[in-house]
Amino acid sequence: MTDGTWGGADRTVADGGLLSGPEPDVARAAGYPDAPQRVGFFTDTSVCIGCKACEVACKEWNAIPEDGLELTGMSYDNTQGLGGSTWRHVAFIEQRKPLGGQEPGTGQDTVDVFAAARDLGVTPSAPGPGATSPGPGCGEAPAGAPSGEISPVAPDGRSELRWLMSSDVCKHCTHAACLDVCPTGSLFRTEFGTVVVQEDICNGCGYCVPACPYGVIDQRPDDGRAWKCTLCYDRLGVGMEPACAKACPTRSIQFGPLDELRERAAARVAQLHAAGVTDARLYGEDPQDGVGGDGAFFLLLDQPEVYGLPPDPVVTTRDLPAMWRHAATAAASLAALAVVSFARRSR
Amino acid sequence: MRGPDVSRAGAGGARPGRDATTGEHAGRRRRGRGERAMVPEAEFSSYYGRPILNRPRWKPLDIAGYLYLGGLAGASSLLAAGAHVTDRPALARTAKLGAAGAISLSLAALVHDLGRPARFVNMLRVFKPTSPMNIGSWLLAAYAPLTVVAAATDAAGRYRLTGAAATASAAVLGPAVATYTAVLLSDTAVPSWHEGYREMPFVFAGSAATAAAGLALACTPPGRSGPARRMAVLGAALELGAFRVMKRRMGQAAEPFAEGRPQTLVRASEILTAGGAALAGYAGGRGRAPAAVAGTALLAGSAALRFGVFHAGVVSAEDPRYTVVPQRERLDARSRSGDPGPEGPRS
């Protein structure tokens, strides 16, 4: 539990490695000499179907209390965001925008899905009700979809709808502000490189809540303590994968050693780009970014802020040495101010 | 499938404010009348206008009060030591009692704000320079008993040597107690707190000086409060000057100071502090009434400043624009300059 303090590693604060910047072996820096490989999540939102199995599995496995049942009107998202009792959150975004430059055959050299659809007997120009029985999974075209001849993109670009879904989770940052600012040491770095709250230590000071650049960790109002995703620390300890990844039916949530996930993610982006989905980009996988890279990173199909993620988060403790220096100067100024106030003998 | 056309709001699919027209410009515009934009209105995307950060769960009265009372106590200890050394018993008595009373209340507010107050001592189970709250707890653990000893020996008129040592030690720690609270706020992801990390310690130092001077002016016979009057003027100059510089350097994150409740508080603080200091400087030594009015104004002005800063931070955390826009601008600038920073090569 030496992580977050300025000693305990063979580097100094001046190097910046402990507070920000790349950190290749985060568990070792935290004081685990023989740590296992760092693990994390790669969430490939391009295959997320918004089933919320991850949310349910997380709630069930971790015995998280119910935290409000309300209909928001935000597409299918009634969960709203991460918090003390929501450790997985599926975002739903409806956009009048085609899903990349889709054309029949693109990226699928052997299969023409539209030809295959015609073979089923469904004529795109007249899919009248009851005309044919659609194949499994085929419903009527949505209201906004182009009728008649299937065209990849309408000229004005507004004739297609895409529905983005993304399962958000704690990022388990390389430089975790929540952990750094925790005054009790309740938040700690595990041997797997993840960040976990010790619920028997947390005294509910709430400092981690505004420290998190992603808005992940939060207090439970009735309980007072801070809670967040543990990356199923209890399951990792016995060699199991986290509940959400286990429950994900499309492998949108992939769990594994971080190095391997990064390779897999890079290959997936290349694949999507080749298929014409030029929107695909990775978020949070870069060890050079403001938090030293996330333990849980994402493949997104739009800008991060569209999903409610900060575009370029920076761990606040990067500036902490400067903050202490300024505070020390200010304290000295205050003392000097007092001395000056007494300098002249007056009544 | 008629889903897209029917919603709780009725048929037609019109859901004002719920349409995630992402990729276009979905940013809210929240601008009252008669406000001038400090930076041009920027357009940005967000997830249904929801905040990125989780808002601080701190109770305003507890934590803003804690910041205020800590400052009042810290600077009072300086006044106490100065008065002790220069043999001004009336001023010393006021300042010593003020420091002990303020820091006791401040500690009570801190403990009251905890989600689990019974676990307050967990703050002292580690020593952690990356956590300003941990450092603050250690500071208070050392400082508060010193102020109590200083006040008690002064009131009892016995153990003068112990009292002198406690007074001197409290004066050494006092400036740190008064300024570390700026680091406490700055070391978060809250834009209007973090972006002010360079100047906020000086603002708080000045504000602490005016509060302590105000207390001394209000409670000491006017003829004996010369140093307090000078401290009021110097402190007000430091506070108002540093605050001005801070707002100028914060860029967009300064906007919350110019709207709604933070604006009211900050403006009240500026008027009370400037007016109180002017009155203290001109007429503070000429009668009980002007001194009492000036002292009360200074005390109120310092409190209003802390509450204003606190609420401005909450406003900036609750509006995604303050998180998204600066980060997006940073990213765009980086990609323009060709620096392969995060996202650069991929998006």
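If R0 is taken as 51 Å, the Cβ-Cβ distance between B:Ala156 and B:Arg50 corresponds to a FRET efficiency of 0.35.
Holding the Cα-Cα limit at 27 Å, pick out from B:Lys96/B:Lys247; A:Lys59/A:Lys97; A:Lys52/A:Lys171; A:Lys59/B:Lys128; A:Lys52/A:Lys228; A:Lys228/B:Lys59 the pairs that are longer than that.
Among B:Lys96/B:Lys247; A:Lys59/A:Lys97; A:Lys52/A:Lys171; A:Lys59/B:Lys128; A:Lys52/A:Lys228; A:Lys228/B:Lys59, the Cα-Cα distance tops 27 Å for B:Lys96/B:Lys247; A:Lys59/A:Lys97; A:Lys59/B:Lys128.
In the stretch B:106-183, which chymotrypsin sites (Phe, Trp or Tyr not before Pro) are in a loop and have at most 16 other Cβ atoms within 10 Å, using DSSP for the loop call? Taking the stretch B:106-183 and a limit of 16 other Cβ atoms within 10 Å, the loop chymotrypsin sites (Phe, Trp or Tyr not before Pro) found are B:Phe127, B:Tyr159.
The trypsin sites (Lys or Arg not before Pro) found in the stretch B:240-336 that occupy coil by DSSP, while having at most 16 further C-beta atoms within 10 Å, are B:Arg286.
Note on A:Ala270 and A:Asp25: the model spin-label points, each 7 Å out from Cα along the C-beta direction, lie 2.8 nm apart.
Here the label points at B:Arg334 and A:Met240, each 7 Å from Cα along the C-beta direction, are separated by 3.8 nm in the simple model.
A:Tyr233 versus A:Asp34, label points 7 Å from Cα toward the beta carbon: distance in nm? Placing both labels 7 Å along Cα→Cβ, they lie 2.2 nm apart.
Calculate, for A:Thr278 and A:Val56, the FRET efficiency according to 1/(1 + (r/R0)^6) with r their C-beta to C-beta distance and R0 45 Å; round to the nearest 0.05. Spell out each step's value before the answer.
Values: r = 33 Å, r/R0 = 0.74.
Efficiency at R0 = 45 Å is approximately 0.85.
Here's how it looks for A:Ser167: its modeled amide H is under 5 Å from those of A:Ala91, which are all 5 or more places away or on a different chain.
List the chymotrypsin sites (Phe, Trp or Tyr not before Pro) within the stretch A:20-94 that DSSP assigns to loop and that have no more than 12 neighbouring Cβ atoms inside 10 Å. Before the final figure, lay out each step's value.
Numbers: sites: A:Phe41, A:Phe42, A:Trp61, A:Tyr76, A:Trp87, A:Phe92; in loops: A:Tyr76, A:Trp87.
Nothing satisfies the criteria.
Once backbone amide H atoms are built at 1.01 Å from N, A:Ile253 has A:Asp44 as its partners under 5 Å, excluding neighbours fewer than 5 places away on the same chain.
Readers should treat all values here as calculations from the given coordinates under stated rules, not as data from a laboratory. Keep in mind it's a predicted model, so treat the numbers as computed, not measured. Heads up, the Cβs are rebuilt from the backbone with ideal geometry, glycines too, and the neighbour counts pull from every protein chain shown.
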